[in-house]
Amino acid sequence: MKLHPLSRNLRRNCFLIKLMQMNILIDCGLDTSYFLEFPPRDIIGSKAQQHASVSVEVSSNISDHSDHTSSSNDAILENKENDKKRRKLDHLIDSTGDGSGGAGGGVRRRGQFLVETPEFSSIDWNIIDFIFITNYNHMLALPYITEYTNFKGKIYATEPTVLFGRQMMKELVHFFGDSVLKSRTHSQPGSTNIFTGVTADWNVARSLYSIADIQSCIDKVRPVRFGEHLNLYELEVTAYSSGYCLGSANWMIDCGGEKISIVSSSSTVQNIHPLPFDETVLNNADVIILSDLRDKDGARFETILIEIGNCVANTLKNKGNVLFPCTMNGIIFDIIGFLSQHLRAVGLRGIPFYAVSPIAEESLKYSNICGEWMCTERQQKMYLPDNPMHHQDMIEQSLLYYASRADSSLQEKYQEPCVVFAGHPSLRSGAAINFIRKWGNNSNNSIIFTESEYDCEEAMSAFEGLQIKPIYLPIDIRLTINEVTNILREKKPQHVLIPQKIIKESGNIRPNLPNSFITLYECLDIVNISINSQFVRTVMTENLASNIELVNLGKDSLIASLNGTLNIHNTKTSLTSAENQLNQQRYVCGEFDVSKLINELTEQIYGCRIDEFEEDKRNSRFI
Amino acid sequence: MIKIIPLGAGQDVGRSCILISIGDDSTGIKNLMFDCGMHMGYNDERRFPDFSYISKTNRFTEQLDCIIVSHFHLDHCGALPYFTEMCGYEGPIFMTHPTKAICPILLEDYRKITVERKGETNFFTSQMIKDCMKKVTAVNLHQTIKVNGDDDLEIKAFYAGHVLGAAMFYVRVGTQSVVYTGDYNMTPDRHLGAAWIDKVRPDLLITESTYATTIRDSKRTRERDFLKKVHDCVTQGGKVLIPVFALGRAQELCILIETYWERNNLNVPVYFSAGMTEKANDYYKLFINWTNEKIKNTFVQRNMFDFKHIKPWDRQYLDLPGPAVLFATPGMLHIGTSLEVFKKWAPYPENMVIMPGYCVAGTVGAKVLNGDKEIYIDAYNKINVKLQVKNLSFSAHADAKGILQLIKQCDPKNVMLVHGEKAKMEFLQEKIKRECRIPCYSPANGETTIIDTPLSIPVDVSVDLLKRHLTAQKLPLPTSDDKIDITKIKPVNGIPIQGILTMEPDQIPKLMDVNEAIRDTNLPLRELTFEFIKSFDPNKIDTSTRTDIRTQALENVYEKVRKALKDDVNEVEIIKNSSQIKIRSMLIRISDKNSNSFNISWNYKDENLANYVMSIIDNILPE
């Protein structure tokens, strides 16, 4: 087995696995952390995101502001290690700006955000057989593969992953998509430079795909359920719940009895909405590939939740408003449910919540029908039938409103003080910017960062001199390396693969896993793991078995020559009786007493038949 | 061997309960119960299956490995609380999530009618229903469940379409397998998709056969028919009673009426009886993933189960004048609102009753369908039936075509018919035997059927060996004079395979290449070559031309052997030149000495082939 990690960003998985002559891609995450390097796409009072021309106007409106940004950025980031990367990116943006922005040298072309795909340049897409997706956070680069390469394999993801993956892609394109691309209809593979990268030396930074690409891509994904065994040639592949978000999976690949577990974003935090982490995926595993681990310990989830509750309550009591910059899925569902109860408990009744995102309605409504993918407690509610998601009750009681953007449709129901959940958490696009502008100059208002993905200070650095109170309470429910090793200790896997960046040195971890061979991997490594998957399980019929002549080798070991027919039905093999006995091959092995043979022969008349040799089985064996 | 005893639904509709024993020496015998239903036609002890078949001493938990419930209809789950709480079965029970949610509602409803209205005692209580449901494990479609953690007993659910959450179950014990369909529908309807099962090739398919002899016209025609009848009746001022069960057909017909009313701008009131309608629709809203794709994809914009025209029924509407449409429960007119309203409306010829489903013999519904003009509800109460009676087959059962379609889809080795009327079953049974050429059974209740299953022995095949045989196999190439017949090109199946089988105690036999076997067993392989001088009588050689007699003899041998081998072993290559013939390791050449003889040699491994060729040579070259 070979493992080839392709993603630089630890939070965005992408692995190529070679196994039994099959090529499997696990996940294809899209690195969006560069968004922070760009000035915000300001959309106040216009539908800039809809029109290419407007985005240029907007850019001139806020040009003085962006000067602030760059100077302050320089100051902050002088000593940061990714400074070099940033300059490279700056250079890149300048060069693209020259070509299409028409605003002259040195001025960045506004409205075009770049993203980073995994390192795809070395992949021959023709030979990739399967893609398995662990959860919707790790699939956003999928349209590049399905729409712009000659990939012909099959893609598997759980039902909610398909649903929410599509929403996440849609949201991304709405917020950051290139307006030029948006108007483009679905394109033929290879017909555009979207996939070839923007420049030769930076071949992973790309512009975003289009809305049309998303649907076409999602249509190619086959939805599966947890515990559904997929029989794919010699492999049996199964998804198990990882407890991180709705439909989040860890995959177990079983090839001829050798088990490879792929552990992606997983969580053992109690009392959150997803179906809990299923340890079955680790049982009897020979190889465990760990990814998307949390790199630092943080406060307990419950503690942060209460802290968030208090901050919100205090702000509201001071007649302030609260803004949560977030994506409309995952842990935010728990936060909404918790806040609603918390506020009622502290006597703040009837405070309206607003979810503002292009996917808010879809996301809120779809999550409520995914009861089977939730923890037992919520399943029980579904059986009653009650809404398993508290936010659905809030919608029905007019306590929670959704809108796709901050425009007149929201205005009708809008009333302050309120709590707003709005994208994008990087504060570079989306309705969150509208609310920052609206509430920015009042220190009674708060902005609460709960997402751990984007650096909050950097996100806020684009907005200088605001009075609004920023509160950093990032929630990260992923497993830490210590939590994982505690679970793995009893499972005693042969091999454990851990991302290098997480633990730096394997010495730290080895004492905790004395029975396992530990390998650290880095992006673009090629890790070779020898696994002895030399056998495939099949069955033979009674008829065939009854015609086999077994020869005893001593110690109860038996051996026989087998002549049969190999049948394949639906990738399942079976052995039945041979149609022709003449194909049967016979062998002589072991010690061979030649003198005895000669003696026997001389006793026989000329023209002896071979059958008679077989009577002598004492010293050699005819099989 | 598989043993089946129907405790209910054998040559009958109602009280579905089928026991099967399946397994062999290696897996042990597993006992399962498919469905645990009650009979609507009886009010005495015959309404429940006779569980004493399983154990005379009430030791059900020891005797049964699990119960599988296909869907929430009472004739499939009605006896469950009785069996678990009053008979004491404590083992596992499996059903889908929607079934688990809805089943207790229907059980409670049934209990209320039986105990509170009919005053029966010694019946299960509400608490018993709750306790019973706690023992149920909910399963997802396609999820493979290992019952009791047993590797040899696996179950897997497939979508059955019949009602919300209905499933077919595939059960595998070792290498034997059974599919139980429950009730299913092979054509999608307004709210559910069509049943689907993989080609699982079970040893036995147990299928329902409610509509064994019917082939229904298209759904569209039936819908139009239904709407026309309703519309005609209400325009003439009549009242339409449609007896339905609260969940299932009711929703389909409501969607139908709702859209028709909307399209035609009708304002005749439509009512739905039973307090649980609201609740029923809530279930549909939460389990939207189990309805059809269209409803699922549009539910964010418009939930199909939010009805605008259909209002809840109130008893005081009973005497209101003017036209109305009423959906009333239960569907067989045996009790409840539907019977109450029927009594009131039956004497007037302008009214109409539409029976959209199947009625169990003995119920008022069955009598109405039978055309009875005077119906006794009990000893004292008689109804004069003057209203119009229409029967429209909206039951979501597969018709004869659908049943045959399912048989083809899953490709079983045996079929058993249950859940149907005896005479109809016999007809279908013959049809299946004739058209599918597989044995078909239709046992009565309590009758044991034994089906022999071929024993299959698991074998581990070396991947190398498998690959070599798979790649060596080529599609037959058309010869120059043949035209390529596309219809005859199909995947290669039945590939001849040779290898060495090794068996160690307590291990699965391994099949491998001879070289792998030699390496593993440490037995050196011996080459054993046989050489034989075959002389023949030149006078007996048939020569037409004046060629060398030996060359002619060789030519004769070549022709005969080639012909024989072409017939018998098509993949053996025969090479001939002027003085010799080569068949695998076998060499037939003209002797060097000037005698009339051949030198024939071969390796022991081709012993079988050599023997065969020798017998041909002996025949054509007499000494």
| field | Net lengthening on full extension, B:Asp225/B:Leu525 (0.36 nm per residue, minus Cα-Cα) | value | 100.1 nm
| task | May I ask for the Rg/Rh ratio of the range B:529-620, computed from Cα atoms with Rh as the Kirkwood radius, given to two decimals? | result | 0.94
| task | May I ask you to derive the relative contact order of the range B:219-391, considering only C-alpha pairs under 8 Å and at least 6 residues apart, and to give it as an integer percent? | result | 30 percent
| remark: Partner shielding of B:85-98, as the mean number of partner chain Cβ atoms within 10 Å, equals 1
| remark: Taking Cα atoms, the helix B:549-568 axis meets the longest principal axis of chain B at an angle in degrees (rounded to 10) of 10 degrees
| note | Once phi for every residue in the range B:145-154 is put through the Karplus expression 6.51 cos²θ - 1.76 cosθ + 1.60 (θ = phi - 60°), the whole-Hz ³J(HN,Hα) values, with Gly and Pro written as x, are 10, 8, 5, 6, x, 8, 5, 8, 10, 10
| query | Expressed as an acute angle from 0 to 90° and rounded to the nearest 10, what is the orientation of the C-alpha long axis of helix B:219-235 relative to the principal long axis of chain B? | reply | 10 degrees
| query | Gap in Å between the Cα centre of the range B:559-612 and the Cα centre of the range B:357-432? | reply | 69 Å
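Quick one: work out the % antiparallel among DSSP beta bridges in chain B, nearest 5.
Details: 53 of 92 bridges.
Once the DSSP bridges in chain B are tallied, antiparallel ones form about 60 percent.
Determine the shape class of the protein assembly as shown: with a ≥ b ≥ c the square roots of the Cα gyration tensor eigenvalues, call it rounded for a/c under 1.5, and otherwise prolate if a/b is greater than b/c, oblate otherwise. Walk me through the intermediate numbers first.
Details: a/c = 2.18, a/b = 1.25, b/c = 1.74.
In terms of gyration-tensor shape, oblate.
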| note | Among A:Lys491/B:Lys156; B:Lys228/B:Lys344; A:Lys413/A:Lys469; B:Lys30/B:Lys156, the pairs whose Cα-Cα distance exceeds 19 Å are A:Lys491/B:Lys156; B:Lys228/B:Lys344; A:Lys413/A:Lys469
| request: Would you work out the relative contact order for the range B:332-451, in percent, from Cα pairs under 8 angstrom that are 6 or more residues apart? | output: 21 percent
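Assuming a ≥ b ≥ c are the square roots of the Cα gyration tensor eigenvalues, decide whether the range B:219-391 counts as rounded (a/c under 1.5), prolate (otherwise, with a/b larger than b/c) or oblate.
Numbers: a/c = 1.88, a/b = 1.59, b/c = 1.19.
Judged from the Cα gyration tensor, the range B:219-391 comes out prolate (a/c at least 1.5, a/b above b/c).
Note down the net charge around B:Leu465, summing +1 for each Lys or Arg and -1 for each Asp or Glu among other residues with Cβ under 15 Å from its Cβ.
Values: positive: A:Arg537, B:Lys467, B:Arg468, B:Lys510, B:Arg519; negative: A:Glu234, B:Asp460, B:Asp464, B:Asp513, B:Glu516, B:Asp520.
Value of the local net charge: -1.
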| query | Just for the protein assembly as shown, what percent of DSSP beta bridges are antiparallel, to the closest 5? | reply | 55 percent
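Explain nothing, just the number: relative contact order of chain B, from Cα pairs under 8 Å at least 6 residues apart, as a whole percent.
On the way: 1187 pairs, mean separation 80.9, N = 623.
Relative contact order here is 13 percent.
What's the Kirkwood radius of chain B in Å, using all Cα pairs?
Numbers: mean 1/r = 0.0341 Å⁻¹.
One decimal place: 29.3 Å for the Kirkwood radius.
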| request: List, in order, the whole-Hz ³J(HN,Hα) value for each residue of the range B:95-105 obtained from phi through the Karplus relation with A = 6.51, B = -1.76, C = 1.60 and θ = phi - 60°; use x for Gly and Pro. | output: 7, 6, 4, x, 5, 4, 6, 8, 3, x, 5
| query | In whole angstrom, how far apart do the alpha carbon centroids of the range B:20-39 and the range A:340-385 sit? | reply | 42 Å
| Helix B:336-345 axis, angle to chain B major axis (alpha carbon atoms, nearest 10°) | 60 degrees
| If the cut-off is a Cα-Cα distance under 12 Å, which aspartates and glutamates reach B:Lys424, setting aside same-chain residues fewer than 8 apart in sequence? | B:Asp12, B:Glu208, B:Asp399
| message | List the aspartates and glutamates whose Cα sits under 16 Å from the Cα of B:Lys296, skipping any in the same chain fewer than 8 residues away. | response | A:Glu159, A:Asp219, A:Glu361, A:Glu362, A:Glu372, B:Asp189, B:Glu252, B:Asp282, B:Asp306
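Sorting check: for B:22-29, A:323-330, A:210-217, which peptide has the highest mean count of neighbouring beta carbons within 10 Å, and how do the rest follow? The partial results should precede the final answer.
Working: B:22-29: 15.8, A:323-330: 26.2, A:210-217: 20.2.
In descending order of packing, they fall as A:323-330, A:210-217, B:22-29.
When the convex hull of the Cα atoms of the range A:301-475 is projected onto a plane and the area is averaged over all directions, what value comes out in nm²? If you can, show how the numbers build up before the last one.
Numbers: hull surface 38.5 nm².
Computing the convex hull of the Cα atoms and averaging its projections yields 9.6 nm².
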| Counting only the backbone N, which residues of the range B:181-217 are under 16 Å from the spot 7 Å out from the Cα of B:Lys431 toward its beta-carbon? | B:184-187, B:207-217
| message | Cβ neighbours within 10 Å, averaged per peptide: list A:484-490, B:264-270 in order, most packed at the top. | response | A:484-490, B:264-270
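Values quoted throughout were computed directly from the atomic coordinates according to the rules given, and no laboratory measurement underlies them. None of the values given here were measured: they were computed from a predicted structure. Here Cβ is always computed from backbone atoms with ideal geometry, including for glycine, and neighbour counts include all displayed protein chains.
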